[in-house]
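Bear in mind that the values in this text are calculations on the coordinates, not laboratory data. Since we're looking at a predicted model, the values are computed, not measured. Here the Cβ is made from the backbone with ideal geometry for all residues, glycine too, and neighbour counts use every protein chain on show.
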Amino acid sequence: ENQWSGSECMIGSQIMYKKHPVGFILVYSNHFSNIQKRDQNIIRYNGDFVTLGMSKIDKIESLLTDNYYNSHISQLYRSVDMYSKEEDIYDAVESLCHRFFTYDKLSISLLIDEENAQLKCVDGIKDDINIGSEFNIQGSLHGRALLRDESIRTKNWKEDYTEEYRFNDKSDKEFTFSSVLVTPVYIKKMVKGTIGLERLTSKPFDDSDQKLLELLSSTLGYILSWITEFQKIHDSSIHDGLTGVLNRNAFDERMEEEMNRANRTQQSLAIIMFDLDKFKRINDNYGHPYGDYVIKSTAQILKDSVRNIDVVARYGGEEFIIILVDTDVSKCRHVAERMVENISKFDFDYNDVKVRMTISAGMAEFPADTDKIESLIDKADKAMYESKRKGGNLVSFSYKNSTV
């Protein structure tokens, strides 16, 4: 039998069904220090994700009674993963609407704030209002479905809703739509959007049309909710929980991608390894909250000092690493020196305690120094320790098999 030493721990998340706990996700670690805030978030998000899926099973199964609709809508669910983009989901819903309904205009809109919505998808007539257009939900027919949390079905909207526009006054001038069917989209139990079908004729949408569009609206809402949870899990898995920059595992993957790309395009790239000088004194003298503040502030300074295309990651406790793409050491040396200078001039101020910090940096270049990932990082690391050996607050450079 396994013997517990006292340092083991478990973290878990409940799985709920109809407001009752029905299960849990449990993860074991052989030492409590291995569990980071990021890991706790991932477990919690996974629990929320499973709970969300289970809460919708009954309703989805009860609605999917027609085998024809069942097969097509089920395919939509199967096509979703954490890398699905919203626009791809809208395109898939548009394709189903085109298959299921006869209409002259399809629109999918989502709230962007408390007063306005934006069109995310448009099919059919687009000259009146198109993708990206915004409209005020007050006084609009499509906004009415949002505000009143109800489906709207009419064969002559101008007679039935005399004081409202379809979207806005401009959208009603050129085209005379008549029949309208709008259903709300729920995301995490809140009305966040609509799907609307419109016809130029007064041929009415019937009960089966409304029931099917409500099913599609529910499906879209569920999928958008799931994608949100997927993204939370993914973001937590690749970002450092304290600083928000990439974590070490994500950096390793990104480093491989950037080196492969540089190799294909015959470009250079440079990496910079950073380590805060004498950081231990901060934790010892002022406590770990101050140390966390210093690390977060340092990460922000480094992020603000590079381009959007460059990559910033936390590599260890007080270590950071940066990829500068499409450049070499000679061209970006001043960038590293500026970052070291920015750290040294920054007033770290937390709980009315001010300190100054310095940082040591080491640079290496692909492919001039090496074409191997591990070797490149090792060279930058050795160059960084050469900076520390010389007193810190300095940038050193790997050059072939030496450090300067």
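Computed from the C-beta positions of residue 22 and residue 79, the FRET efficiency with R₀ = 25 Å rounds to 0.35. Could you tell me which of rounded, prolate or oblate describes the range 101-205, using a ≥ b ≥ c as the square roots of the eigenvalues of the alpha-carbon gyration tensor, with rounded for a/c under 1.5 and, failing that, prolate when a/b is larger than b/c and oblate otherwise? Cα axes put the range 101-205 in the rounded bin. The aspartates and glutamates whose alpha-carbon is closer than 14 Å to the alpha-carbon of residue 120, local same-chain residues fewer than 8 away aside, are 86, 87, 88, 91, 94, 134.
Working note: Karplus 6.51/-1.76/1.60 with θ = phi - 60° gives the range 326-334 the couplings 6, 7, 10, 4, 5, 7, 10, 4, 5 Hz, where Gly and Pro are set to x. Using the beta-carbon distance between residue 333 and residue 101 and R0 = 60 Å, what value does 1/(1 + (r/R0)^6) give for FRET efficiency, to the nearest 0.05? Working from the Cβ atoms, E equals 0.45.
For residue 133, nonlocal amide neighbours, meaning residues 5 or more places apart or on other chains whose placed amide H falls under 5 Å from its own, are 119.
Of the trypsin sites (Lys or Arg not before Pro) found in the range 181-254, the ones in coil according to DSSP and having at most 15 other Cβ atoms within 10 Å of their Cβ are 188, 189. In order along the range 257-268, the phi-based Karplus estimate (6.51 cos²θ - 1.76 cosθ + 1.60, θ = phi - 60°) of 3J(HN,Hα) comes to 4, 5, 5, 5, 5, 4, 5, 5, 8, 6, 10, 9 Hz; Gly and Pro are listed as x. For the chain, the Cβ-based charge dipole about the Cα centre amounts to some 760 debye (Lys, Arg positive; Asp, Glu negative; other atoms uncharged).
Between residue 356 and residue 267, the contour length at 0.36 nm per residue exceeds the Cα-Cα span by 28.3 nm. For the chain, the antiparallel share of DSSP beta bridges with both residues in that region comes to about 95%. Taking a straight line from the alpha carbon of residue 280, these lysines sit under 18 Å away, with near neighbours fewer than eight places off in the same chain left out: 296, 354, 388. Our coupling estimate for the range 272-287, obtained by passing each phi through the Karplus curve with A = 6.51, B = -1.76, C = 1.60 and θ = phi - 60°, is 10, 9, 10, 8, 5, 7, 6, 5, 4, 5, 5, 5, 5, 8, 10, x Hz, Gly and Pro reported as x.
Relative to the current alpha-carbon distance between residue 288 and residue 301, full extension at 0.36 nm per residue lengthens the span by 2.7 nm.
Between the alpha-carbon centres of the range 239-298 and the range 107-153 there is a gap of 43 Å. Within straight-line reach of residue 19, meaning a Cα separation under 16 Å, sit the following lysines at least 8 residues removed in sequence or on another chain: 56, 59, 188, 189. Can you classify the range 248-403 as rounded, prolate or oblate using the Cα gyration tensor, where a ≥ b ≥ c are the square roots of its eigenvalues, rounded means a/c under 1.5, and otherwise it's prolate if a/b beats b/c and oblate if not? Prolate, because a/c is 1.5 or more and a/b exceeds b/c. Across the options 313, 299, 267, the greatest Cα extent toward the positive end of the charge dipole of the range 248-403 (unit charges at beta carbon of Lys, Arg, Asp, Glu) belongs to 299.
Using the structure shown, select from 303/331; 85/232; 85/170; 331/390 the pairs with a Cα to Cα distance greater than 26 angstrom. Exceeds cut-off: 85/170.
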